[in-house]
Amino acid sequence: MPAIVANRYQDVLASNAIARALSPAYAPGQNFPRWRLVDPAAKDFFVDWDEATDIAVSGLREVAGSASDDPRMRELIDELSASSDRFGELWERAEVGYRAGIMHVRHPVVGELHLHRNRLSVPNSGGQHLIVFYAPGTPSEEALRQLRCL
C-alpha cells in the first residue's frame, strides 16, 4: 500500500515506490498543501479538488496551532496565503483537524481510484506522521497492484 512519512509542515520526508507511482506529490521534498493548492496537476489528480484542499488546510491548521511562534510554519502560511486565494479562503474558515476518509483520485495510467487514508502519529518525533492509503476488496485494490508494476 502507498505510505508516506511527513513532518509537521506537511513535507514528505519519505515514501515508498507505490506512493511515488501514485502521485508526484508523494515524492520526498514535496509539501502536501503547496502541491495541492499551487500545482495545476493537483486539479487533474483530485477528482474533488475542493475537498482535497480543504483537508490539506485543516490538517495544516491542526499542527500550526501548537506552532504559532515557529518561524518556518509562519513562512509556509505566508507563502501559501500569497500564492493561493483558495488557501486564504480555507484558512479563514479556521477548520481544524485531519480527517480520515476516502480520497478519490484520477491517475493517468490506472484511472480513478478510491483510497482509504489514515494518519498515524509517530510519538516523540516533533510532529512526524505516517499516512497510508489502502483499498481492500475493491477495484482500486487492483489499480494499486498495477501501480506496483510501474
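The values are calculated or read from the model by the stated rules, or taken from the named source; none is laboratory data. Here the structure is a predicted model, which means the values were calculated and not measured. Neighbour counts are summed over all protein chains in view; Cβ atoms, including those assigned to glycine, are modelled from backbone coordinates with ideal geometry. The area values use the complete protein model at the heavy-atom level, side chains included, leaving out ligands, DNA and RNA. Shrake-Rupley method; radii C 1.70, N 1.55, O 1.52, S 1.80 Å.
Between Leu22, Leu80, the distinction of being more than 27 Å from Ser140 (Cβ to Cβ), touching a Pro at 6+ places or on another chain (Cβ under 8 Å) and touching a residue at least 12 places away in the same chain (Cβ under 8 Å) belongs to Leu80 only. In the stretch 90-113, the residues that are among the polar types (S, T, N, Q) form no Cβ pair under 6 Å with any partner that is part of a strand (DSSP E or B), whether six or more places apart or across chains.
Restricting attention to the stretch 17-44, the residues being part of a loop (DSSP other than H, G, I, E, B) and not hydrophobic (A, V, I, L, M, F, W, C) number 5.
Counting only residues that are under 22 Å from Asn124 (Cα atoms), open to solvent by less than 30 Å² (accessible area, probe 1.4 Å) and in a loop (DSSP other than H, G, I, E, B), the stretch 1-16 holds 2 of them. With respect to the conditions (1) open to solvent by less than 10 Å² (accessible area, probe 1.4 Å); (2) on the phi > 0 side of the Ramachandran plot, Gly29 lacks only one, and its number is (1). In the condition set (1) touching a residue at least 60 places away in the same chain (Cβ under 8 Å); (2) more than 21 Å from Ser15 (Cβ to Cβ), Leu130 is compliant with all but (2).
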